[in-house]
Amino acid sequence: SQWGEENLQALSIQEGEDVTMNCSYKTYTTVVHWYRQDSGRGPALIILIRSNEREKRSGRLRATLDTSSQSSSLSITAAQCEDTAVYFCATDTGSGGSNYKLTFGKGTLLTVTP
Amino acid sequence: AQTIHQWPVAEIKAVGSPLSLGCTIKGKSSPNLYWYWQATGGTLQQLFYSITVGQVESVVQLNLSASRPKDDQFILSTEKLLLSHSGFYLCAWSLFWGQNTLYFGAGTRLSVL
């Protein structure tokens with residue numbers, strides 16, 4: 001498996017709090033994707049960080065990537081109820097050629113309560 | 001703008017019955033297409049991918065098959081459903097070689113009883 005010991009985690013926080021989700025991967029990658037999946041919907045990319053970037057920001061989102069430890073994190077500042085979703089990290093583990101395989105981690109269910 | 005449409009939204013099927021799920025992408029010619037499967041509460045697992053009409057590659061063996069009869073259409077099917085086929089099926093596309101961002105459809109929820 002591409003991923004370390006990682007089951008679907010559940011985090012519950014209150015509105016206004018900051019939260020950080022972590023993931024680690026086993027195989028070298030040049031990019032880590034973070035996807036968000038709302039209940040009953042398909043995932044959507046929210047932020048992508050490349051190996052030449054240690055940190056990437058998008059609004060209240062902040063992603064980090066440490067290629068030496070093969071880990072990435074996603075932080076949400078001042079979480080809002082609408083941030084409630086499952087968050088997945090994913091890496092490119094394609095075998096080359098034309099298969100663009102994204103391998104997804106097991107995800108974090110984030111619940112933000114008022 | 002590109003749009004991706006999956007059908008049906010949900011299916012309830014009996015073990016041993018056939019299945020056909022569909023996906024159509026509009027607004028993008030020759031997209032790379034993918035089928036992913038997601039168990040309830042689980043992660044996403046790639047099943048198939050296709051880079052051109054008529055060519056489909058299998059990533060895992062789950063007694064499912066896929067076809068790409070048209071440039072904008074991707075079909076997932078099986079002749080005999082198993083209980084283990086239950087889950088959420090997602091179709092996705094990506095732009096071109098080297099672009100790994102996936103754009104997912106809304107998915108089909110399949111319950112096999």
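The values are calculated or read from the model by the stated rules, or taken from the named source; none is laboratory data. Values in this document were obtained by computation on a predicted structure and should not be read as measured data. Here the Cβ is made from the backbone with ideal geometry for all residues, glycine too, and neighbour counts use every protein chain on show.
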Boolean, B:Gln45 is loosely packed, with under 14 Cβ neighbours inside 10 Å, more than 7 Å from every other protein chain (Cβ to nearest Cβ) and without any contact (Cβ under 8 Å) to a residue 40 or more places away in the chain: no
Condition met for B:Leu90 (within 8 Å of chain A (Cβ to nearest Cβ) and surrounded by 15 or more Cβ atoms within 10 Å (Cβ to Cβ)): yes
From A:Thr64, A:Thr113, which residue is more than 30 Å from B:Ile51 (Cα to Cα) and either in contact (Cβ under 8 Å) with a residue 60 or more places away in the chain or touching a Gly at 6+ places or on another chain (Cβ under 6 Å) (or both)? A:Thr113
Any residue at all in region A:96-111 that is within 14 Å of another protein chain (Cβ to nearest Cβ), touching a Lys or Arg at 6+ places or on another chain (Cβ under 8 Å) and not charged (D, E, K, R)? no
Would you pick out the residues in region A:25-61 that are surrounded by fewer than 17 Cβ atoms within 10 Å (Cβ to Cβ) and polar (S, T, N, Q)? A:Thr27, A:Thr30, A:Ser39, A:Ser51, A:Asn52, A:Ser58
Residues of region A:31-64 satisfying the condition of being part of a loop (DSSP other than H, G, I, E, B), more than 20 Å from B:Gln38 (Cα to Cα) and modelled with pLDDT under 95: A:Ser51, A:Asn52, A:Glu53, A:Arg54
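Select from region B:58-72 the residues that are at pLDDT 90 or above and either assigned to a loop (DSSP other than H, G, I, E, B) or crowded, with 16+ Cβ neighbours inside 10 Å (or both) and list them in ascending order.
B:Asn63, B:Leu64, B:Ala66, B:Ser67, B:Arg68, B:Asp71, B:Asp72
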State whether one or more residues within region A:66-82 are within 10 Å of the chain's Cα centre (by Cα), surrounded by fewer than 21 Cβ atoms within 10 Å (Cβ to Cβ) and at pLDDT 95 or above. yes
Return the residues of region B:22-43 that are among the basic types (Lys, Arg) and assigned to a strand (DSSP E or B); say none if nothing qualifies. B:Lys26
Only listed residue being of a type in the set (Lys, Arg), more than 10 Å from the chain's Cα centre (by Cα), more than 10 Å from every other protein chain (Cβ to nearest Cβ) and under 22 Å from B:Ile25 (Cβ atoms), chosen from B:Lys70, B:Lys80: B:Lys70
When the residues of region B:48-66 are filtered to those that are touching a residue at least 12 places away in the same chain (Cβ under 8 Å) and polar (S, T, N, Q), which remaining residue is farthest from B:Gln2 (Cα to Cα)? B:Asn63
